[in-house]
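A short write-up of the structure that comes next.
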Amino acid sequence: MTIAVGTLGVLVAGWSQRGDLAVPTMGVALSLGFAALVSAAIRAGLRDLRDPVAIARALARRRPSFDPVLHHELLGAVELERRLAAEASDGMSEQLARKYIDDINDRVREAAPDPEAACGPSGVPRTAAMLGVVAVLAAGLSFTETFARGLSLVLAAEDGRPQPPPEPLWSSLSITMRYPEHTGRTPRQLHNPSGAVRVPAGTELLVEMTPRASLEDPALIVTVDAGEETTAERYPLALTTVDPETRRASASFTVRSSGSWIVATGAGGRGEASLPFPIELEPDRPPEVELLPLPQSRRAPSELESVDLRFRARDDFGLATATLVFERPPASADGRDHEDMSSETPHEAGELVRLEIGAPPRGRRRTWNHRYTWDLSTIAIEERTELVYWIEVRDNDPGLGLTPLADPPGKVTRSARMRLSVRDEESEHARNVLALRDLRDAAVDLLAARMTTGAFEERPPEPEGDDAPGIPIPMRLRIARALTDATGELLGDIALLVDAISVDALTRSHDAETLAEIHGRLIELHRAEMKLHEAVPPDERFEDDDGAATVELLRQLGRHNTRQVSQLEDEIIRLDDLVDRQLIDRLERLVARLQASQQKLIELLEKLRAGDESVRGAIEQLQQRIADDLRRIAEARAELRKEVGEEFMNLDAFKAMEERLRDQDVMEQLRQGNVDRALESARESMDEIRSLRDAVHDRVENDERSSSISPEEKERIGLLRELSRLQDEERSIAD
């Protein structure tokens, strides 16, 4: 019984997580067991002294089969015996009474030999039953987690119940959260908080409370999780008296990382302390950006055009800036070896160029849908180039947490890469001008070949023994056919050039029409010449005494060649005039382009002086563009000098302009911080460019008002006609 009670007590202590009560429970069980043993011994010793009436009644109560008559007789015998003992027989015969009592005792012994056993069942079955119940209960509890933890608490004699919260150190408490400026949030106050505080890094927490009157030296103990290490900082609570009976305590700290804070008293927090209040850090995620693709019709613009780039950006707290980044194409070797007026080192292949787009407007800090106009005329591009570009956005995260930012300030996100094919119309036009000049030179070579050929000369037979015989007829025919083939090749080149300048945006439509008319007139003569050649098959064999048909053909081809020469002279004059006009137009256009670039440079310098630092990248690109324009002007000037010499205009003005642009050195002055001097130098260079353009424009207008053929051109025409006349006289003398 004692073991069962003790085991049951231990089980109850473990289940209730009161391991500290297991030993007292066992003590109580042992005490009860000892008391039970002592009671049994006393009861056994005093068995005979027990009340017979109680025994009789117990026999009747415990044994329902006991004779009721005998029960009453037993009671009577007991009563009679009491009287005899009290000497109150009242005249009753003592002998008769003793006889009656003995007779009843004999009958009782026959009915219940052991009256003590009849008073109650044995304690052994009850103890076994109790032990069985306790064993079953212990077996069932052994499979639960609570029992396992309770058993460990019993073995350690510990109380596993949650500790009751300490008495509050304050009667009221409030937390004011002052968020960092970049979040754009207004301050928020919490009264009597009970959970974790979730704030972004850099938030200032102001803790205000009404402390108990008995608190001494209260302070905030802030625990910060710094990676694998944990640090604690102490912030004293400043006490202020609101009224004679009320005091207020306050302290503030800035959240840099996750952790917790408590209110503690005493020096070093060795006194009372409150429960910890967790602090969770709200992450500042990187921004998002989406660059929309250009329409199909705008994916191959000219270098003189602008394209509209559209992008969407968003951030959880706010966006700071956006930047257009592209890979500037490498400069060609010719471009670097030529006269470079830029003071900057040319970009290497694959170098990134950054153009600042700016910051989003007020009220659009978190989401920003923007259209940026990308002026391609500020980029120095040669030939057709494919630019790879993307948008970079940077948020306004100042990096207030313990973990430093990778590329401060803010976090950067890049959009998908896009490709843009840029047409350099100026380079294409320059190639067309060179092709036109080569075409003119080819026509001059053909004219010279037709004027100096001996294929159509009719010479008398040479005497025998002459060392300088005439050209044989088969050779004369082959020369004539070679001239015809050369004319066909020239016409093919003219046709290709007509197609090229027809789509050239920088060429006048009248020039394409002029070239097409030249092609039409020459091709008519070429077709007539081809018909004459059809009279003699290409594989005809000539004998010494034959070839009359060939001689006649050569005579007809000679007359046709005269017409060809005359027509070629006229067309060469037109081609020469066309080449000169193209070169002059290109020079005027390049000067106008240079003026526009210089004007943009002045505007950007004015923005920079006003405080807009985002234009520095565009200024650098414009410097590269101006240097490229100067190189092209030098090329056009050299070509024009070959064609018309120095009489077109005073070319010293070009040299003076180039010297002025070389001396302005804007980027060097900006690096020195002298923005005003850079702006003044750019304006002076602008005056030089404007004067030069006016001079070129006036010269072009004067030429257009004058005859379409200049005196120099007339002189060249006269020389060509004089050469033709001399050749005709030579033929007549030979005949």
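The values are calculated or read from the model by the stated rules, or taken from the named source; none is laboratory data. Worth saying up front: this structure is predicted, and the values here are computed from it rather than measured. Positions of Cβ are generated from backbone atoms using ideal geometry, with glycine treated the same way; all protein chains shown enter the neighbour counts. In case anyone asks, the SASA skips ligands and DNA or RNA and just uses the protein heavy atoms, side chains included. Shrake-Rupley method; radii C 1.70, N 1.55, O 1.52, S 1.80 Å.
Tally time: how many residues in the stretch 437-457 are open to solvent by 20 Å² or more (accessible area, probe 1.4 Å) and of a type in the set (A, V, I, L, M)?
Total meeting the criteria: 4.
Six or more apart or on different chains, Cβ under 8 Å: which pairs go from a residue in the stretch 609-623 that's acidic (Asp, Glu) to one that's assigned to a helix (DSSP H, G or I)? Could you list them?
Glu620/Met667
Test Arg198 against the stated conditions and say whether it is surrounded by fewer than 15 Cβ atoms within 10 Å (Cβ to Cβ) and in a strand (DSSP E or B).
On the way: surrounded by fewer than 15 Cβ atoms within 10 Å (Cβ to Cβ): yes; in a strand (DSSP E or B): yes.
Yes; evaluated as a whole, the condition is true for this residue.
For the stretch 619-635, what are the residues that are among the small types (Gly, Ala, Ser) and buried (at least 22 other Cβ atoms within 10 Å of the Cβ)? Break it down into steps so the answer makes sense when it comes.
At the first step, the residues of the stretch 619-635 found to be among the small types (Gly, Ala, Ser) are 627, 634.
Ala627 - this is the single residue of the stretch 619-635 that is among the small types (Gly, Ala, Ser) and buried (at least 22 other Cβ atoms within 10 Å of the Cβ).
Output the residues belonging to the stretch 522-549 that are in contact with a Leu (Cβ under 6 Å, 6 or more places away or on another chain) and at pLDDT below 80.
If the condition is that a residue be in contact with a Leu (Cβ under 6 Å, 6 or more places away or on another chain) and at pLDDT below 80, then Ala535, Val536 are the ones that fit.
Here is a list of conditions, (1) surrounded by 17 or more Cβ atoms within 10 Å (Cβ to Cβ); (2) within 30 Å of Leu376 (Cβ to Cβ), and Leu292 meets all of them except one; can you say which number that is?
The one condition Leu292 does not meet is (1).
For residues in the stretch 593-607 being in contact with a Lys or Arg (Cβ under 7 Å, 6 or more places away or on another chain) and open to solvent by less than 20 Å² (accessible area, probe 1.4 Å), which is nearest to Thr378 (Cα to Cα)? Working first, answer last.
Let us first name the residues in the stretch 593-607 that are in contact with a Lys or Arg (Cβ under 7 Å, 6 or more places away or on another chain), namely 595, 597, 602.
Checking the rest, the ones that are also open to solvent by less than 20 Å² (accessible area, probe 1.4 Å) come to 597, 602.
Working: Ser597: 7, Ile602: 13 Å.
Restricting to residues being in contact with a Lys or Arg (Cβ under 7 Å, 6 or more places away or on another chain) and open to solvent by less than 20 Å² (accessible area, probe 1.4 Å), the top hit is Ser597.
Return the residues of the stretch 396-409 that are open to solvent by 60 Å² or more (accessible area, probe 1.4 Å) and either touching a strand residue (DSSP E or B) at 6+ places or on another chain (Cβ under 7 Å) or at pLDDT 95 or above (or both); say none if nothing qualifies.
Of all residues in the stretch 396-409, those open to solvent by 60 Å² or more (accessible area, probe 1.4 Å) come to 398, 402-404, 406-409.
The one that is open to solvent by 60 Å² or more (accessible area, probe 1.4 Å) and either touching a strand residue (DSSP E or B) at 6+ places or on another chain (Cβ under 7 Å) or at pLDDT 95 or above (or both): Leu402.
With the stretch 599-672 as the region, which helices (runs of 4 or more DSSP H) entirely inside it contain at least 3 residues that are closer than 23 Å to Ser427 by Cβ and modelled with pLDDT of 80 or more?
Working: elements: 616-644, 652-664, 666-671.
Once the helices (runs of 4 or more DSSP H) in the stretch 599-672 are filtered for at least 3 residues that are closer than 23 Å to Ser427 by Cβ and modelled with pLDDT of 80 or more, what remains is 616-644.
For the stretch 366-377, indicate whether the set of residues that are of a type in the set (Lys, Arg), within 29 Å of Ser257 (Cα to Cα), open to solvent by 50 Å² or more (accessible area, probe 1.4 Å) and at pLDDT below 90 is non-empty. Can you show your working first?
Of the stretch 366-377, the ones of a type in the set (Lys, Arg) are 366, 371.
Okay, now just the ones that are also within 29 Å of Ser257 (Cα to Cα), so 366.
Keeping just the survivors that are open to solvent by 50 Å² or more (accessible area, probe 1.4 Å) gives 366.
Pick out the ones that are also at pLDDT below 90 and you get 366.
Taking every residue of the stretch 366-377 in turn, at least one turns out to be of a type in the set (Lys, Arg), within 29 Å of Ser257 (Cα to Cα), open to solvent by 50 Å² or more (accessible area, probe 1.4 Å) and at pLDDT below 90.
For residues in the stretch 499-518 being part of a helix (DSSP H, G or I) and open to solvent by 40 Å² or more (accessible area, probe 1.4 Å), which is modelled with the lowest pLDDT? Working first, answer last.
Restricting attention to the stretch 499-518, the residues satisfying the condition of being part of a helix (DSSP H, G or I) are 499-502, 509-518.
In the following step, the residues that additionally are open to solvent by 40 Å² or more (accessible area, probe 1.4 Å) were identified as 499, 502, 509-510, 513, 516-517.
Working: Asp499: 89, Ser502: 87, Ser509: 79, His510: 84, Glu513: 88, Ala516: 90, Glu517: 90.
Ranking the candidates gives Ser509 first.
How many residues are open to solvent by 30 Å² or more (accessible area, probe 1.4 Å) and over 19 Å from Arg314 (Cβ atoms) if we restrict to the stretch 180-195? Lay out the reasoning, then the answer.
The initial filter retains those residues of the stretch 180-195 that are open to solvent by 30 Å² or more (accessible area, probe 1.4 Å), namely 181, 184-192, 194-195.
Right, trim to over 19 Å from Arg314 (Cβ atoms) and you get 181, 186-192, 194-195.
Counting residues in the stretch 180-195 that are open to solvent by 30 Å² or more (accessible area, probe 1.4 Å) and over 19 Å from Arg314 (Cβ atoms) gives 10.
Filter the stretch 263-281 down to the residues that are open to solvent by 40 Å² or more (accessible area, probe 1.4 Å) and part of a strand (DSSP E or B) and list them by number. Give the steps one after another, and end with the answer.
First pass over the stretch 263-281, keeping only residues open to solvent by 40 Å² or more (accessible area, probe 1.4 Å): 267-268, 270-273, 275-276, 278, 280-281.
If the condition is that a residue be open to solvent by 40 Å² or more (accessible area, probe 1.4 Å) and part of a strand (DSSP E or B), then Ala273, Pro278, Glu280, Leu281 are the ones that fit.
So, in the stretch 415-436, exactly how many residues are out of contact with any Asp or Glu (no Cβ under 8 Å at 6 or more places or on another chain) and open to solvent by 80 Å² or more (accessible area, probe 1.4 Å)?
The total comes to 2.
For every residue, the table says whether it meets (1) buried (at least 20 other Cβ atoms within 10 Å of the Cβ); (2) within 21 Å of Leu483 (Cα to Cα); (3) at pLDDT below 80; (4) among the β-branched types (Val, Ile, Thr).
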| position | (1), (2), (3), (4) |
| --- | --- |
| His560 | no, yes, no, no |
| Arg563 | no, yes, no, no |
| Asp570 | no, yes, no, no |
| Leu575 | yes, yes, no, no |
| Leu578 | yes, no, no, no |
| Leu583 | yes, no, no, no |
| Glu588 | no, no, no, no |
| Val591 | yes, no, no, yes |
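Take the residues of the stretch 223-247 that are part of a strand (DSSP E or B), out of contact with any Lys or Arg (no Cβ under 6 Å at 6 or more places or on another chain) and at pLDDT below 85: which is most open to solvent (accessible area, probe 1.4 Å)?
Looking only at the stretch 223-247, we keep the residues that are part of a strand (DSSP E or B), and these are 223-226, 229-236, 238-243, 246-247.
Okay, now just the ones that are also out of contact with any Lys or Arg (no Cβ under 6 Å at 6 or more places or on another chain), so 223-226, 229-236, 238, 243, 246-247.
Okay, now just the ones that are also at pLDDT below 85, so 225-226, 229-230, 243, 246-247.
Details: Asp225: 66, Ala226: 43, Glu229: 126, Thr230: 91, Asp243: 60, Thr246: 44, Arg247: 72 Å².
If we take residues in the stretch 223-247 being part of a strand (DSSP E or B), out of contact with any Lys or Arg (no Cβ under 6 Å at 6 or more places or on another chain) and at pLDDT below 85, then Glu229 is most open to solvent (accessible area, probe 1.4 Å).
So which residues in the stretch 303-313 are touching a Lys or Arg at 6+ places or on another chain (Cβ under 6 Å) and either open to solvent by 10 Å² or more (accessible area, probe 1.4 Å) or farther than 24 Å from Gln621 by Cβ (or both), if there are any at all?
Narrowing the stretch 303-313 to residues touching a Lys or Arg at 6+ places or on another chain (Cβ under 6 Å): 307-308, 310.
The answer is Asp308, Arg310.
Determine, yes or no, whether Glu208 is in contact (Cβ under 8 Å) with a residue 40 or more places away in the chain and of a type in the set (D, E, K, R). Working first, answer last.
Working: in contact (Cβ under 8 Å) with a residue 40 or more places away in the chain: yes; of a type in the set (D, E, K, R): yes.
In short, yes.
Among the listed residues Val388, Val412, Val393, Val353, identify the single one that is open to solvent by less than 30 Å² (accessible area, probe 1.4 Å), farther than 30 Å from Glu428 by Cα and of a type in the set (A, V, I, L, M). Even if it seems obvious, please write down each step before you answer.
Working: Val388 fails: farther than 30 Å from Glu428 by Cα; Val412 fails: open to solvent by less than 30 Å² (accessible area, probe 1.4 Å); Val353 fails: farther than 30 Å from Glu428 by Cα.
Result: Val393 is the single residue among Val388, Val412, Val393, Val353 that is open to solvent by less than 30 Å² (accessible area, probe 1.4 Å), farther than 30 Å from Glu428 by Cα and of a type in the set (A, V, I, L, M).
From the list Val325, Val289, Val307, which residue is over 29 Å from Ala201 (Cα atoms) and within 17 Å of the chain's Cα centre (by Cα)? So that I can check it myself, show each step before the final result.
Numbers: Val289 fails: over 29 Å from Ala201 (Cα atoms); Val307 fails: within 17 Å of the chain's Cα centre (by Cα).
It is Val325.
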